[in-house]
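Take a look at the following structure, please.
Read the figures in this text as sums done on the coordinates, not as results from a lab. Treat the numbers as computed from the prediction; the structure is a model and nothing was measured. We place every Cβ from the backbone using ideal geometry, glycine too, and count neighbours over all the protein chains shown.
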Amino acid sequence: MNALPLVLFWTLVICAIASRPPFALYLFFATMPFGACAAIPTGVTGGLTLVATPIVALVVVGKAFLNRSGPASFLTLALLPDRLLCLFAFWIVVSVTTLFMPRIFAGEILVVPVRGILSTPAPLFPSTQNLSQWVYMTISVFTVFAMARLLQTAAMRQHALQAMCLGAAMLIFTGLVDFASQYVPLGALLAPFRTASYALATEVEVLGSKRVVGLMPEASAFGNYCLGFLCALHFYRRAIVDPVVKERVCPVLLALLVILCWQSKSSATYVGLVLFFGMAALEWLLRANAEGRGTTIYKQGLLGELSVLVAVLAGVTLTLLFKPDLLDPVLAMIDRMVLQKTSSLSYEERGMWRFIALSSVFESYGIGIGLGSTRSSSSIVAILSASGILGGLLFYAFAAQSFSRAPRYPTIESRIINSAFRFSYPPMIAVSLMIADANFEPLTGFGFGITAALSIALKQKPGAPIMARTRAPAETPAMHDRGDDASPLPADRQPAPSS
């Protein structure tokens, strides 16, 4: 039975290799929810768990660069300061520290091993975790390179946005099945996909109810992915051309993602939800107050979004009039998972991990001790510990550069996408400061890649279709009827910035 997921996955990988790049993009997003499934039997890899998404990412990288112009394109991206030089330099630094520092500082620095006893520090020694974490980081970095090249055309960007919807749907499906498994015997359906060699916390309860984990290793990882897809879909959806996907599919997916974020019962996810709603409100206000010609597209959907919010608030208010204790379980969950978090054993343990990981930066004279050397439970601490001060400066300089990029040819679609990244990134990075490791999530890498692609995309020939079988909305003829969205609007129709 466990062989069935492997056969299915590798069949799809072969199809992705033989097919055009869009198929690999759809598979890339669709495999993200399967974080507890080993794509290669752990007996073959010596106990290491290689999940599906990085393997598909390698196919995406191959589609981008294994051609006649691929090496030249890669070098151009890697060596120009206004492209991906900072990210490439970060990868070089973290590669050097991971290869040499665990051996140079072996036995001299105390760490909390990634595998083994997690509550007691131990001397630093090289391990297989150094190699596995470096492989994951390398794939993530090169995936950004691949996205930056593939997503320079409007058609591929539309494929990527719809692939994101597919990934969200797969995540929701796995979450709903896991949630239903506490009432219906569905464990046999999920078991073949839970083959990772690391510990899986799939049956944890809080206040008498199950924490939903889907097919991720634990509830916090599932909640983090739900939050990531929620942020991405909410802000990127206005750039989707297909009206059915944008106006019917996305709202349903967004509502279900909010519910599953709550059912993950993750304190970090709850904090991220608050930040997401704050960013959504800020973006709504900026769109509502946009002035000047060409701002109609930004104001599209404002009334509907406000109507949904008013309807939800009115429904909750009326319900509370007849059932005042309705919010008691909600308040109890918030008190248990957020307000009381600082007194929990897990909070103290994670705090110890961060302190020891941060201490390793100073004990290594700011050089770092390499990926996979110590636990940290915080992305910024993990990056500093793995790559040192220089690596941390390079990575966050690249993140700031991505945040401030402007499209080479400003159009409605490119402005929406850039604005979407700026609003979707803060909640995800805030959560990563609390629970993540040095490697950034695939959705974050997608944001890095698509903003870089827009900043270097060439102007395409007029009349080039954006996407087969897609009709353009009447409000945006400049996006589609004029050809590709890489073509700039006339000066008198330039829209005002949305962020």
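Which of the pairs 265/323; 63/246; 63/265 have their Cα atoms more than 30 Å apart in this structure?
Cα-Cα > 30 Å for 63/265; rest within.
For segment 202-287, what is the convex hull (Cα atoms) projected area averaged across all directions, in square nanometres?
Average of the hull's projected areas for segment 202-287 equals 6.1 nm².
Here is a further query. Per residue of the chain, what 222 nm ellipticity follows from adding -39500 (n - 2.57) for every DSSP H run with n ≥ 4, rounded to the nearest 500?
That comes out to -19500 deg cm²/dmol.
Taking the Cα atoms of segment 25-146 alone, what are Rg (to one decimal) and Dmax (as a whole number) in Å?
Over segment 25-146's Cα set, Rg and Dmax evaluate to 17.1, 52 Å.
List, largest first, the extents of the alpha carbons of the chain along their principal axes, each in whole Å.
67, 66, 46
Evaluate the distance, in nm, between pseudo-label points positioned 7 Å from the Cα of residue 68 and of residue 349 along their respective Cα→Cβ axes.
Calculated label separation equals 5.7 nm.
Next question. May I ask you to give the average projected area over all directions of the convex hull of the Cα atoms of segment 99-165, in nm² rounded to one decimal?
Answer in nm², one decimal: 6.7.
To one decimal place, what orientation-averaged projected area in nm² is obtained for the convex hull of the Cα set of segment 5-68?
About 4.6 nm², averaged over all directions.
What span do the alpha-carbon atoms of segment 203-244 cover on each of the three principal axes, reported in whole Å from largest to smallest?
Projected onto its principal axes, the Cα set of segment 203-244 covers 43, 17, 15 Å.
If I histogram all Cα-Cα distances within segment 161-247 using bins 5 Å wide from 0, what percent of pairs lands in each bin?
P(r) over segment 161-247, rounded to whole percents: 3, 13, 21, 21, 15, 11, 9, 5, 1.
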